[in-house]
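Working notes for the structure below.
Read-outs: derived from the displayed coordinates by stated rules, not from any lab. Computed from a predicted model, the values in this text were never measured in an experiment. Neighbour counts run over all protein chains shown; Cβ positions are idealised from the backbone, glycine included.
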Amino acid sequence: MLHFILKRLGLAVLVAFTVSFISFSLLFLSGDPAAALAGETASGEDIEALRRLYGFDRPMLVQYGEWLWSALRGDFGESYYFKLPVASLIADRLGVTMLLGVCGISFALLTAVPLGVVAAIRPNSLIDRAALFISVAGQAMPSFWFGLILIVVFAIQLGWLPPSGTGTWRHFVMPTIVLGYYAMPAIMRLTRAGMLDVLSSDYIRTARAKGANETRVLFRHALRNAIIPVVSLAAVQMGFMLGGSIVVESIFALHGAGYLAWESIARNDLPTVQALILIFSMFYIVFTFLADVLNAWLDPRMRSS
Amino acid sequence: MADVTSHDRLLDEITGPTPGQMLRKRVFGHQGLLIGLVVLLLLTLVAIFAPWLAPHDPYAQSLMTRMEPPVFMGGSWDHPLGTDHLGRDYLSRLIYGARVSLLIGAVAALISGVIGTAMGVAAGYFGGKVDTVVTFLINVRLAMPVVLVALAVVAILGGSLEVVIVVLGLLLWDRFAVVMRASTMQVRRREYVAAAQVIGASTPRILLSEIMPNIANNLIVVVTLEMAHAILLEAALSFLGLGVQPPTPSWGLMVSEGKNMMLFEPWLVLIPGAVLFVLVLAINLMGDGLRDVTAPENRS
Amino acid sequence: MSEPLLSVRNLTLDIPTGSGTLHAVRGIDFDLNRGETLCIVGESGSGKSLTSLALMGLLGKGIKRSADRMTFDGTELTTADSRKMRSLRGARMAMIFQEPMTSLNPAYTIGDQLSEALLLHRNVTRAAARARAVELLEKVGITAAESRLSQYPHQLSGGLRQRVMIAMALMCEPELIIADEPTTALDVTIQAQILRLLHDLGREMNMAMILITHDLGVVARVADKVAVMYAGELVETGPVGEIFNAPTHPYTRGLLRCIPLPGKTARGSQLGTIPGIVPSLVGAVEGCVFRTRCPHATMECRGPIPKRVDGDHAFRCIFPDGKRHDEKELTA
């Protein structure tokens, strides 16, 4: 188990460094970052001045090394647009995104797992078909469109919820649903498939042969085994969702890190964009690492090996 | 003393339907697959014959006829789905929009399919160091937030159809690599691959004539899923204003343009979104259906 | 003799399929007394496992069960509700399955799974349940029983797991134990140990046992009664001595010729085979099911087949003696 964790940790660190290099290289994608930064109307001298100011005239690897060294100490440079340290800018916004992510994954789990379980207990029933429909529709639903429909119905027509902003818990209801619905289909399908698989297994028959009642068979014997892969999927989805928060936050004008990313990209604020890509990647790396460890811990076959 | 009926039954079992007949039966017996195929075929025809089908020029602005409602909301048949804020015919823009979505979906899936399949097959067939490297690259790719990276790169390079297609193509290869790697690993252990190796077939020959035909089923399923994925991503990028640029008639862009008038004219948002939803749904239904009918457990 | 512990009359199991109803098990009759061992023998797919699951009330949803009578110690099982069945299962009737590798829940320790049966049915403390678990693990011959309690199934070998399954079935001292080919998944050397263990424990605890097997050598050693099953029917039932010494139904005779028996099979002589295939059981099943493979079959075998009963011995054949003395068979 310890060996597994250390190996997995090593991989995570290696992936993190590679990702950091890629997100740093994005800066050079346009050819000349100084020209991109100065804008189309800038003169040659202005560009030259910017180049020296930001150190773009030095070799790329040197710049990467410096950037990484600072980033490791929590310094991501200064935002071109806000003229503030990127780190504090992101720190201010990250709370909202994290809250949204936690709400989203909780919503997804609380709806998808029960639906998946019921669908597996009664295959081809009305509930199973409804669950299948919800999951197929969920995978095809453009989340920005879903968000706008919710705004039209619940904010404009019914007036129940505020259409945008961050102030109260009510501002988070619709974003949570949109973000959670994005993760729901996969979780539901996995729960259903896992439960179907487990329910037809020999040890479930053993439990019934012992005289256990159906509730006990379902929850103690079946779900305990079927939920193991779901837990790790949920952690992975959480990583994806934080990356996908950019769409949701922009629809609902929720001022989190996703919204900041959108603003920064639109304004060519590269230091902020680099930092955000790195941070979102780190979240994914950390979540998948935790997922693997959790998975190993939940599954006795892996725990003891 | 032979029992005639039981022998007849046995004969039936031996000479049953041919694989082709069985496949046809499964395809036509699968509702989702059928619906998906028909809808996708229809939308593809619409995209191909857009110039003949569209009642108006999708780019032609007319300040006199702005924001006309669709016919079912009291509009006229001259603009069956109304006009947008610049007076452009909404139906024509939708029809041309099918071209954008399908083109992006198909070409992005093709690019990522080539990259991902090459990586996955190499990893699955050769194993060892190749596998380690490919698995590592998949991990790196999965760690990068797709929407964010795509947005950033498109913004830096400038939003055009070509850039969006290439960026998505270069980002969406992960699932191809994962699935093809696993499928190749399974196939590689089969006897016919060993047989080909024994008779001295070259590696490219084994990959092409032994491995590829046997993982093609899974490949087709991933192609459909990634096509849907690319179409949704393009729409999201365009919606955020950092994908395909105006005046190109992209459905995501249409939703974005209609967003400001959403309060009074919700159909401006509802119609392009619904079409997008139907297209992606059709592709997903087709993909799920293909997975069902080609799954090995359905073969006997 | 007093009332039998288990009495089954006309047990029938139907499985609806796309191409008609599959009559998987038809008209099963047998009685089992306390402390007796009944062996059900027959080929794979003859309905042995389905019959045992039907007795336990563990059939899958798609299978229809009907019977004129199916009583366990006077309780009618066909009309018992699920609550009543649960109170019997694991407590008074227990089952041991074919696959020890997959029949234990991978997520729980051996101790948890052993204790569960006792905790479900008896009002005992966890500590008492664990003590009982240790006692039974020792009884089934597992060393270091105490430390096994905290192990997970994947840490045990197949033979050990089947011993655990047996211990689990014995937790509540059931009156009836049904073992469905408990040794097929195990190594040959372990098979004999497990069967001997089951047999000895059955005797010691005075349990009635239904042992499902296709190993006639096992039957000869442990059975009191034998039921021969073919294509969903019990073609012959009787005390073990009569079945082995005077097999009457042509199928039973064919089956016995397929195995070497000490003292019965001449050295160097060839073992028999039963040519042909089992008929399909989808749709109406009429006449003798064995007629497609029987060397004596005639046109009458397509009609109704009488059940011939002689004391404890019963068989189904149109010939009063099952053509026992026909010369043709000796060369088959």
Please state the shape class of chain B: rounded when a/c is under 1.5, otherwise prolate if a/b exceeds b/c and oblate if not, all from the C-alpha gyration tensor.
oblate
Using the number of other C-beta atoms within 10 angstrom as an exposure proxy, rank C:ARG221, B:ARG189 with the fewest first.
B:ARG189, C:ARG221
Can you sort C:GLU242, B:GLU257, C:GLU135 so the residue with the fewest Cβ neighbours within 10 Å comes first?
C:GLU135, C:GLU242, B:GLU257
Quick one: among B:PRO69, B:PRO213, B:PRO272, which has the greatest mean-square fluctuation in a GNM of chain B with alpha-carbon springs under 10 angstrom?
B:PRO213
Ranked from highest to lowest mean number of other Cβ atoms within 10 Å per residue, what is the order of the peptides C:100-113, A:175-188?
A:175-188, C:100-113
What helices does chain C hold that run 24 Å or longer along their axis, going by alpha-carbon atoms, with a Kyte-Doolittle average of -0.5 or more, using DSSP H for the helix calls?
C:188-205
Output the antiparallel fraction of DSSP beta bridges having both residues in the protein assembly as shown, as a percent to the nearest 5.
65
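Using only DSSP helix segments of four residues or longer, with each worth -39500 (n - 2.57), what per-residue ellipticity at 222 nm results for chain B after dividing by its residue count and rounding to 500?
-23000 deg cm²/dmol
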Using the Kirkwood radius built from alpha carbon pairs, what does the Stokes-Einstein equation give as D for segment A:93-261 at 37 °C and 0.692 mPa s, in µm² per second?
193
For segment B:49-150, alpha-carbon Rg relative to the globular expectation (2.2 N^0.38 Å, N residues)
1.78
Compare the peptides C:42-50, A:270-278 by average per-residue count of other Cβ atoms within 10 angstrom and give them in order, highest first.
A:270-278, C:42-50
Among the complete DSSP H segments of chain A, which ones combine at least 24 Å of alpha-carbon extent along their axis with a mean Kyte-Doolittle hydropathy of 0.0 or more?
A:2-25, A:86-121, A:170-199, A:224-251, A:270-298
What span do the alpha-carbon atoms of segment C:181-238 cover on each of the three principal axes, reported in whole Å from largest to smallest?
30, 28, 16
What pairs from A:LYS7/B:LYS129; C:LYS225/C:LYS323; C:LYS61/C:LYS225; A:LYS210/C:LYS61; C:LYS48/C:LYS323; A:LYS83/B:LYS259 go past 21 Å between their alpha carbons?
C:LYS225/C:LYS323; C:LYS61/C:LYS225; C:LYS48/C:LYS323; A:LYS83/B:LYS259
Mind checking the mean number of beta-carbon atoms from other chains within 10 Å of the Cβ atoms in A:132-143?
5
DSSP bridge orientation in chain C - percent antiparallel, rounded to nearest 5:
60
Kindly identify segment B:93-164 as rounded, prolate or oblate by the Cα gyration tensor criterion: order the square roots of the eigenvalues as a ≥ b ≥ c, call it rounded if a/c is under 1.5, otherwise compare a/b with b/c, prolate if a/b is larger, else oblate.
oblate
Of all chymotrypsin sites (Phe, Trp or Tyr not before Pro) in segment A:88-179, which ones are in loop regions per DSSP and have a Cβ with at most 13 other Cβ atoms within 10 Å?
A:TRP160, A:TRP169
Beta carbons within 10 angstrom, averaged per residue: use that to sort the peptides B:284-293, B:260-269, highest first.
B:284-293, B:260-269
What the Cα atoms of the protein assembly as shown span along the principal axes, largest first and in whole Å, is 114, 68, 64
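Please report C:LYS323, C:LYS225, B:LYS129, A:LYS210 as a ranked list, fewest other C-beta atoms within 10 angstrom at the top and most at the bottom.
B:LYS129, C:LYS323, C:LYS225, A:LYS210
Please label the shape of chain C as rounded, prolate or oblate, based on the square roots a ≥ b ≥ c of the eigenvalues of the alpha-carbon gyration tensor (a/c under 1.5 means rounded; beyond that, a/b larger than b/c means prolate, else oblate).
On the way: a/c = 2.05, a/b = 1.59, b/c = 1.29.
The shape class here is prolate.
Go ahead and estimate [θ] at 222 nm for chain C from helices alone: -39,500 (n - 2.57) per DSSP H run with n ≥ 4, summed, over the residue count, rounded to 500.
Mean residue ellipticity, 222 nm, calculated: -8500 deg cm²/dmol.
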Within 10 Å of each Cβ in peptide C:277-286, how many partner chain Cβ atoms are there on average? Round it to a whole number, please.
2
Take peptide A:261-270, look around each residue's Cβ out to 10 angstrom, count Cβ atoms belonging to other protein chains, and average those counts.
4
Between A:HIS3 and A:ASP75, the FRET efficiency computed from the C-beta separation at R0 = 30 Å comes out, to the nearest 0.05, as 0.30
Ranked by GNM mean-square fluctuation in chain B (Cα springs under 10 Å), the top entry among B:SER62, B:SER183, B:SER92 is B:SER62
Considering only the other residues whose Cβ falls under 11 Å of the Cβ of A:ASP269, what net charge follows from Lys and Arg at +1 and Asp and Glu at -1?
0
Of C:ILE40, C:ILE277, C:ILE63, which has the largest mean-square fluctuation in a 10 Å C-alpha GNM of chain C?
C:ILE277
